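Below you'll find the structure, written out as structure tokens, and then a few comments.
Nothing in this text is a laboratory measurement; each read-out follows from the coordinates by a stated rule. Computed from a predicted model, the values in this text were never measured in an experiment. No Cβ is skipped: glycine too gets one built from the backbone with ideal geometry, and neighbour counts run over all protein chains shown.
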Amino acid sequence: AHDAAQTGQSAAIFQQALNAFDELDVLVLNAGQGMLAALEETDGARERALFDLLYHGPVSLIRAALPHMRARGRGHIVVIGAAATLGNYAGFSSYGAAKAAMECACEALHAEVKPFGIRVSVAIPGPFRTGFIGNIEPSKTDVYAASVGRFGTMLERMNGRQRSEEHTSELQSR
């Protein structure tokens with residue numbers, strides 16, 4: 001595990017994995033951090049950091065892995081997506097946008113690498129019990145209490161009551 005937002009480390013991280021395992025068949029990209037804020041309230045630096053984690057970092061790891069997968073004529077890239085890409089929620093504008101950018105890139109990537117025997121999948125697990133909700137950066141003001149605050153309250157009530165790991169996730173194979 002490493003900080004996915006640190007794109008400069010991707011090639012070295014990939015090389016460490018190759019050194020340890022000699023070959024790579026599957027790359028799973030599971031970076032995650034939520035941010036609950038209205039678009040108006042979202043600080044540009046926080047938003048850029050979120051995009052670095054949820055988009056730029058995973059893309060950097062994909063770039064590091066593709067030459068190896070192409071040379072082998074096979075591989076599978078699995079990205080953990082988000083239900084926010086299917087229909088977003090008040091307060092998840094930046095989070096949903098970053099996840100949607102990654103999903104859209106994967107759609108194009110699928111077409112690009114299919115001739116090389118490389119598969120690309122996006123898994124959209126929906127709500128299940130992890131530390132994700134408890135680690136969401138909250139909204140800073142009450143200006144959007146009727147929309148963002150309402151969604152935040154729903155998340156708080158849901159936290160710890162989601163399905164557990166035993167339940168399977170929906171896998172969208174692209």
Neighbour-limited loop hits for GluC sites (Glu not before Pro), the stretch 7-115 (at most 13 other Cβ within 10 Å; DSSP other than H, G, I, E, B): GLU23
Calculated FRET efficiency for the pair ALA45/PHE116, C-beta based, R₀ 35 Å, to 0.05: 0.40
The stretch 1-118 - convex hull of the alpha-carbon atoms, volume per residue in Å³: 92 Å³
Measure of compaction for the stretch 20-72 (Cα Rg per 2.2 N^0.38 Å): 1.55
Length-normalised contact order of the stretch 31-135 in % [C-alpha pairs under 8 Å, at least 6 apart]: 38 percent
